[in-house]
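The values are calculated or read from the model by the stated rules, or taken from the named source; none is laboratory data. This one's a predicted model, so the numbers in the text were calculated from it and none came from an experiment. Virtual Cβ from ideal backbone geometry, glycine too; neighbours counted across all protein chains shown.
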Amino acid sequence: MDLVLQRAYFKEGTNGALFSSYKFLCHTIELPWKQNQRNISCIPEGVYEVVPRFSKRFSHHLQIQNVLGRSLILIHPANDAQKELEGCIAPVTYLSGIGKGIYSKDAMQKILSLVHQAKARKEKILLTIK
């Protein structure tokens, strides 16, 4: 399964659109680009493997593998990048500003459903960020 994240960079944050097989899935919010600095920057553009993960804090979510110079980069629900993200990506149903959105849990469920179907088919999940 191939996911593609098209980003738009702003000083206050990063907004994106996530696609699967050229079909729009949801918007995304992230921190602004600050040279891949830990906890304050979005991650570099590139191709990454994504795997399902579970934690008490975020319940079911996704982890982005092998991010250069970073660890534990997740795709998890959040509605305000500056207040709720530390380098991770949050899916949102609607953008409400730069680095802000609403109905993040709904968007997360949509992505998780597709990822779990792909995993059941034994497909590798790849995320291309551009």
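Observations
- Positions within segment 85-108 being outside any strand (DSSP E or B), on the phi < 0 side of the Ramachandran plot, more than 13 Å from the chain's Cα centre (by Cα) and not β-branched (Val, Ile, Thr), in sequence order: Asp106
- Among residues that are buried (at least 16 other Cβ atoms within 10 Å of the Cβ) and modelled with pLDDT of 95 or more, His76 is included.
- Matching entry among Arg7, Arg70 (being part of a strand (DSSP E or B), modelled with pLDDT of 95 or more and either over 12 Å from the mean Cα position of the chain (by Cα) or closer than 19 Å to Leu126 by Cα (or both)): Arg7
- Unmet requirement for Leu62, which otherwise passes all of (1) farther than 23 Å from Leu126 by Cβ; (2) in a strand (DSSP E or B): (1)
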